[in-house]
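These notes are about the structure you will find just below.
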Amino acid sequence: MAHALEGIRVVDLSHVLAAPTTTMYLADMGAEVIHIEPPHGDDAREFGPFIGQAEKNRSGYFISLNRNKKGMVLDLKQEKGREVLRELIKVSDIIIENFRPTTMKKMGFDWEDLQKINPRIIYCSICGFGHDSLPEYAERPSYDMVAQAYSGLMSITGPEGGPPCRVGSSVGDIISGTHAAVGILAALHYRERTGRGQHVDISMIDSLFSTLENAVVRYTINGDIPTPLGGIHPSITPFQGYQTKDSWIIAAIGTDQLFAKFCQVIGLEHLKEDPKFKTNPLRTKSRNDLNALLEPVMKTKGTAEWAELFTNAGLPFSPINSVKDICEDAHIAYRKMLVEIDQPIVGKVRISNSAIRLSETPGEVYAPAPVLGQHSEDILRDVLGYSPEKIGQMKEAGVINRTVG
């Protein structure tokens, strides 16, 4: 199958999650991603769950993020290692990293250096506060939870009246990684027109701040300071989870027309004419009064019964699936969102598929994740044209690893 990014080569210096998310997207769409790891490996190799024993090539965390990529071990503390990196940059389209902002400069690979090596290179950096930051933030380390806290996201997440909560997945990393992919693709298009590369400077804080949605304008327009509301929407009602006879169900009643239909389905048709509930702003203002009427009714039927009624009426709803539920879901299976790969050393593993569906060139999982240093020699030989003797010298010097797997 053809891939949209065939012919694009990416030098991937990333580790753990944010930038590896970006390069996962690019690799899924066919880019040749060369994931360069230090001799001890990407830190993500230390994270579970492990398949069997806790060992660098058995991390399910690493495997799920690094499918479709080539793996190379390169010691960038050695000048010979940095020379290999320079040669790879010369023949590549993109370089990406998620170090602290000063790390690349210390190695001789900041944006000015990269432009001299390859004027067409697109350089993407992801860090907590951005490369262009206040001086006191330049060396400040950041993880997903730091970004969630600093961006304001944690202040609006969690139960009403309760402590701030972290979102259940690492959205600070994943959203910044997604923004990086969008920025890279835009930079590639610009380069097609101008021949010039550019620096894509992604801040995890920026990424999460930009997703706060109406929380920002609630403050800038009205001076409101949003607080956690649990599963309730701050300006749409009813738009939340309700306990049923046997579990929970989400009702997302986003318009007055849907509210009228919802009232009819649940047997409270008179509510649509109640002056307190006729419009969405009125319902939101009287949310507690409305829920006092809805909650007892929602408990009279099981989730499956409500699901059938809501489906027949065309109402937006969902059961609250567990991870087990969604992994075994018929529609997820139909969409092929869970795929099986044959991973070296560990065997068959099921991981999530690409969510990017293009009619001609869909994203897909077509290769397993590399074991540590699996393609080091192949890259030196096939991409850079190194002789067997020179590769042997690099191995002896510890610039690359010995072949693994």
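The values are calculated or read from the model by the stated rules, or taken from the named source; none is laboratory data. What you are looking at is a predicted structure, and each value in this text was computed from that prediction instead of being measured. Note that each Cβ is placed from the backbone with ideal geometry, even for glycine, and that neighbours are counted across all protein chains shown. We work out accessible area using only protein heavy atoms, side chains counted, and drop any ligands, DNA or RNA first. Shrake-Rupley method; radii C 1.70, N 1.55, O 1.52, S 1.80 Å.
Considering all C-alpha pairs of the range 24-90, those separated by over 18 Å amount to 46%.
Per residue, the accessible area of the range 306-372 comes to 62 Å² when a 1.4 Å probe rolls over the protein heavy atoms.
Of the trypsin sites (Lys or Arg not before Pro) in the range 255-301, not one is in a loop by DSSP (not H, G, I, E or B) with at most 11 other beta carbons within 10 Å. Ranked by the mean number of other Cβ atoms within 10 Å per residue, highest first, peptides 230-238, 15-23 order as 15-23, 230-238.
Can you give the extra length, in nm with one decimal, that the chain gains between Tyr190 and Tyr137 once fully stretched, where that is 0.36 nm per residue apart less the Cα-Cα distance?
Extending this stretch completely gives an extra 16.1 nm.
Please state the equivalent ellipsoid semi-axes for the range 1-48: what are the square roots of 5 times the Cα gyration tensor eigenvalues, largest first, in whole Å? Please report the intermediate quantities before stating the final value.
Working: eigenvalues 101, 25, 12 Å².
So the three semi-axes of the range 1-48 are 23, 11, 8 Å.
For the chain, relative contact order (Cα pairs under 8 Å, six or more residues apart, normalised by length) works out to 19 percent. Relative contact order of the range 1-101: 36 percent, from C-alpha pairs under 8 Å at least 6 residues apart in sequence. What does DSSP give for the chain in terms of the percent of beta bridges that are antiparallel, rounded to the nearest 5? Of all bridge pairs located within the chain, approximately 45 percent are antiparallel. Note on the chain: Cα Rg divided by 2.2 N^0.38 Å, N the number of residues, gives 1.17.
Would you tally the net charge around Asp43, using a Cβ to Cβ cut-off of less than 11 Å, leaving Asp43 out, and scoring K and R as +1, D and E as -1? Intermediate values should be presented prior to the final figure.
Numbers: positive: Arg45, Lys56; negative: Glu37, Asp42, Glu46.
My count for the surroundings of Asp43 gives -1.
For the range 93-133, the Kirkwood hydrodynamic radius comes to 10.5 Å, computed from all pairs of different C-alpha atoms. When all alpha-carbon pairs of the range 93-174 are counted, what percent fall beyond 21 Å? Summing the P(r) tail past 21 Å for the range 93-174 gives 43 percent. The range 263-279 and the range 166-231 have Cα centres lying 38 Å from one another.
Across the range 1-155, Cα-Cα distances exceeding 25 Å account for 34% of all pairs. Two tests apply to each whole DSSP H helix in the chain, Cα reach of 27 Å or more along its axis and mean Kyte-Doolittle hydropathy of at least -0.5, and the ones passing both are 171-194.
Between Gln393 and Met1, the distance separating the two model label sites (each 7 Å from Cα on the Cα→Cβ line) works out to 4.4 nm.
Protection proxy ranking of 174-185, 191-202, 328-339, by the mean of other Cβ atoms within 10 Å over each peptide's residues and highest first, is 174-185, 191-202, 328-339. Computed over protein heavy atoms with a 1.4 Å probe, the carbon and sulfur contribution to the accessible area of the chain reaches 55%. With the Kirkwood sum run over all distinct C-alpha pairs, the range 80-224 has a hydrodynamic radius of 16.8 Å. For the range 262-329, the pair-distance distribution built from all alpha carbon pairs, in bins 10 Å wide starting at 0, is 18, 42, 30, 10, 1 percent.
Across the range 230-303, C-alpha contacts under 8 Å between residues 6 or more apart give a mean separation that, scaled by the residue count, equals a relative contact order of 38 percent.
The order of the peptides 306-319, 115-128 by mean Cβ neighbours within 10 Å, most packed first, is 115-128, 306-319. Pairs spanning more than 32 Å between alpha-carbon atoms, out of Lys272/Lys301; Lys77/Lys348; Lys70/Lys336; Lys348/Lys390; Lys278/Lys336; Lys70/Lys105: Lys77/Lys348; Lys348/Lys390; Lys278/Lys336. Using the Cβ atoms and a cut-off under 13 Å, what net charge is assigned to the surroundings of Val10, where Lys and Arg are +1 and Asp and Glu are -1? Taking every Cβ under 13 Å from that of Val10, the sum is -3.
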